[in-house]
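A short worksheet on the structure shown next.
The values are calculated or read from the model by the stated rules, or taken from the named source; none is laboratory data. These figures come from a predicted structure and were not determined experimentally. For neighbour counting, all protein chains shown are included, and Cβ atoms are generated from backbone atoms with ideal geometry for every residue, glycine included. Please note that ligands, DNA and RNA were not included when accessible areas were found on the heavy atoms of the full protein model with its side chains. Shrake-Rupley method; radii C 1.70, N 1.55, O 1.52, S 1.80 Å.
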Amino acid sequence: QEAIAGEFARHAYVLESDCISEDDREKFRQLMGRRAEQKSYATSLAFLSECLKNYHEKNVIILIDEYDVPLENSWFRGFYEEMIDFIRSLFESALKTNANLELAVITGCLRISRESIFTGLNNLRIISILDEGYAEYFGFTQEEVKALLDYYGIGEREEEVREWYDGYLFGKTKVYNPWSVICYASDILDQNTE
């Protein structure tokens, strides 16, 4: 609920427009404030997609990172079946029956299986780290890191970034951990503005 509420808060700007009805504004506020009925959370991403489509007038892209973390946590804490039911409903409404969806990308350490929570999804394309055609997309390439550092005026730190964050190899492609590079650049920029 907290993660879903955070996504609604991030897109709260839609509440200021006339693109959604007053009833939908109230539902939006309830989800954002973690006051909605439990069943509303299972369809919340589809509802948020509809609100965003109405606001931006184009279909949305949904990015779900580490989809498997809540499943793993629920296994160890004893509510796996409830989490499976929730995730299945969430994904089906957001990814299968969502008329406002352009495309979605789901990442996780556990391989997606069409026989599990994804049984309702019939248009999945599974790309693993073994698929060399996508190797450069699992991180930042050297050229992308250089361009990023130059853009933010910290190109002289390229060697330091290479020492700290280089070293991922997918097929024959060497990449940097993207999250680490972004955090590093953000920290340096914060230090420069103090």
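Here are some notes:
- Protein accessible area in the chain, 1.4 Å probe - carbon and sulfur %: 50 percent
- Where both bridge residues fall in the chain, DSSP classifies roughly 50% of the beta bridges as antiparallel.
- Electrostatic tally near K172: other residues with Cβ closer than 11 Å to its Cβ, Lys and Arg +1, Asp and Glu -1, net -1.
- Residues of the stretch 131-194: accessible area per residue with a 1.4 Å probe, Å²: 68 Å²
- ³J(HN,Hα), Karplus 6.51/-1.76/1.60, whole Hz, each residue of the stretch 13-20, x for Gly, Pro: 4, 5, 5, 7, 9, 9, 7, 10
- The length gained on full extension between E22 and E66, counted as 0.36 nm times the residue separation minus their Cα-Cα distance, comes to 12.5 nm.
- Summary value for the chain: 16 percent relative contact order, contacts being C-alpha pairs under 8 angstrom separated by 6+ residues.
- Cα-based equivalent ellipsoid of the stretch 19-90: semi-axis lengths in Å, sorted from largest, via gyration tensor: 27, 15, 8
- Only helices enter the 222 nm calculation for the chain: every DSSP H run of n ≥ 4 contributes -39,500 (n - 2.57), and dividing by all residues gives -14000 deg cm²/dmol, rounded to 500.
- Here's how it looks for I64: its modeled amide H is under 5 Å from those of V105, I106, T107, which are all 5 or more places away or on a different chain.
- Taking packing as the residue-averaged number of other Cβ atoms within 10 angstrom, the listed peptides 157-168, 90-101 run from highest to lowest as 90-101, 157-168.
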